[in-house]
Amino acid sequence: MSHPIPSEFDIVFAGGRLAAYDPSLRILILEAVPTSTTVTFNIGNPSPRLNGRAPIVPCGRCVGWRLMFMVYTRPPASDYDDWETNGWESESLIPLMKKLETYEVQPDLPTHGYDGPIKVSSGGCKVGICDEFIQAVANFWLMYKRYIDGTTGRRSDAAHHYVYNQAHNSNLQVWDGKLVKRIIFKDKRAVGVEFTSDPVSCPDADRSSSIVRASKLVVVSAGAFGSPTILERSGIGAEAILKRCGIEQLVNLPGVGENYQDHNLAIVPYLAADNVVTMDALWRGESILQESLAQWNSSGKSLIAQKLVQVITAVASIQKIKWRPDDEELKAMDPAFQPRWKEFFQDRPDKPVAIFTSFAGPSDIVPLDFGYKKTREVFRRMASYRGEVAAGHPDFPEGSAAACREASGPVDLNAPDIVYTAEDDEAINQFHRDIVQTAWHSLGTCAMKPEADQGVVDARLDVYDMSIVPLNVGANTYSTALLIGERAAMIIAEELGINCI
Ligand SMILES: Cc1cc2nc3c(=O)[nH]c(=O)nc-3n(C[C@H](O)[C@H](O)[C@H](O)COP(=O)(O)OP(=O)(O)OC[C@H]3O[C@@H](n4cnc5c(N)ncnc54)[C@H](O)[C@@H]3O)c2cc1C
């Protein structure tokens, strides 16, 4: 799509996503970075609970963000119901989830869709160690699929299925490398945006500002970091922050940029037998990369079409599970988790407490500590297990039965679990405080809830991305981002009197 001259469109999107039901609508997407994927790193404040570390939060920058790991998961229905927002109940949202996907994994499931634009499959290429993991965790839930077209082996994302596939429509334009500075208002109505060349992706470009006008709508959809900053630069935000930045206040909305939420992530490495197929060589960029690429080009199937969660593991490529403790496990967990369990999980049996793979993304430090023990027992029973990479594990006291070591093979399926002392538990806890990261699932910074509770948008929205999520979801977040896009498209279509059925 070329960069044209018009200075007025019907709808201007500040940020990456779009749904166009009426091809005659003149729609412009302003995206900060060129169409290739980049990741930026945002640094939080140091926290004593992280042993003084400042968390680093990567966020994607790319039209329709390309889902680096391609992991498909959906949140449980109760997560959406917990938002308590009219029109956003799981019952109303399931038809939209069905509408946006083609679920190639299994036919005839009542909650999945079979003719939508986003393709979900098992990815085409099977790695043996995945099966080992599945066997070893047979008593847990298994729920992991990928945003990959099972026929072509290509990624399936919003950019390709909602934007690039409409290249024939000259009314839809993408201007990339353009950073939206602020929204322009006339009598409190958004009438356009001011933008400039993105200084990060286009360092040599002219820095002067331009204005593009929107006759019908300005949509802010710049993600959990981009959306609140655009609002603040436009004069919408907390009085103290705008004052400090010398921005004239248009609306006092203290919730803008607050309520940030994410998932915790801890990565723990294990050793595998020499003959096991892993993603290590791909990760290191060795010659296998070219071979794998050629294989994928000819058949659409190769290690490259595995989700990158598998690449990130140091030694293996494996599946993921959603986990919820049973009564025995709850008793074994630190009682500090009880209040959180009672408040959030106990009465909602569809909510997982953690997601385990070779790394874990639990909701708090206690499940993270418990999850370390749980997943270690799983890995010890996999045929390819050859021990732990001690440097990536807790620093257990000398002589501890839990100490990490190399092994000649797995333990028996019925072997007793490792017994941890109070000192071992402390080592695990400190380990997590030293290494836990965010899971790149930023959301909540323009929350859809009442203004009195630091809300920013109402159920009809004005901002359309993960920043509106009022309460975190127990899954990877792209499915919710796609869903918000679908619901947003409906709301916009209704407002403009366009038929979107
Ligand atoms: C490394 C990584 C891997 C991930 N892997 C997975 C996965 O495997 N599965 C999964 O479900 N989820 C995954 N996620 C999460 C998922 O990508 C996000 O939840 C989802 O993309 C959020 O969508 P969004 O529309 O809210 O924001 P984004 O997708 O971030 O889109 C916002 C866009 O706005 C642009 N922008 C920001 N500010 C401006 C501005 N001022 N002017 C113009 N443009 C602007 C950004 O460049 C970006 O392209 C991953 C995230 C990361 C960072």
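FYI, it's all coordinate maths here, none of it is from the lab. Please read these numbers as outputs of a predicted model, since none were measured by experiment. Because the Cβ atoms are built from the backbone with ideal geometry, glycine has one as well, and the counts that use them run over all protein chains shown.
Label sites at E89 and D417, each approximated as a point 7 angstrom past Cα along Cα to Cβ, lie 3.9 nm apart. The lysines within cross-link reach of K243, meaning a Cα-to-Cα straight distance under 20 Å and a gap of 8 or more places when in the same chain, are K181, K188. Of the peptides 191-200, 435-444, the ranking by mean beta-carbon count within 10 Å, highest at the top, reads 435-444, 191-200. Note on the stretch 360-464: percent of Cα-Cα distances in each 5 Å bin, starting at 0 and stopping at the bin with the largest distance, equals 2, 10, 16, 17, 13, 10, 6, 5, 6, 7, 5, 1, 0.
Would you work out the charge dipole size for the stretch 416-501 about its Cα centre, treating the Cβ of every Lys and Arg as +1 and the Cβ of every Asp and Glu as -1, and quote it to the nearest 20 debye? The dipole of the stretch 416-501 has a size of about 400 debye.
Amide H contacts under 5 Å for V256: A238, restricted to partners 5 or more places along the chain or on a different chain, H placed in the peptide plane at 1.01 Å from N.
How high is the relative contact order of the stretch 358-501, given as a whole-number percent (alpha carbon pairs under 8 Å, six or more residues apart)?
Reported as a whole number, the value is 15 percent.
Once backbone amide H atoms are built at 1.01 Å from N, Y270 has A314, V315, V389 as its partners under 5 Å, excluding neighbours fewer than 5 places away on the same chain. Most tightly packed first, judged by the mean number of other beta-carbon atoms within 10 Å of their residues, the peptides 344-353, 401-410 read 344-353, 401-410. In summary, the lysines within cross-link reach of K145, defined as a Cα separation below 19 angstrom excluding same-chain residues under 8 places away, comprise K98, K99, K119, K126, K301, K307, K320, K322, K351. Amide hydrogen proximity for V191: with H placed 1.01 Å from N in the peptide plane, the residues at 5 or more positions away or on another chain lying under 5 Å are I184, F185, K186. Rg and Dmax, both from the Cα atoms of the stretch 451-499 and both in Å, are 12.0, 35. The packing ranking of peptides 231-238, 90-97, highest mean first, is 231-238, 90-97, where packing means the average number of other beta carbon atoms within 10 angstrom of each residue. Straight Cα distances below 20 angstrom link K342 to the aspartates and glutamates D79, D81, D82, E84, D326, D327, E328, E329, D334, D350, D364, D369, with same-chain residues fewer than 8 positions distant left out.
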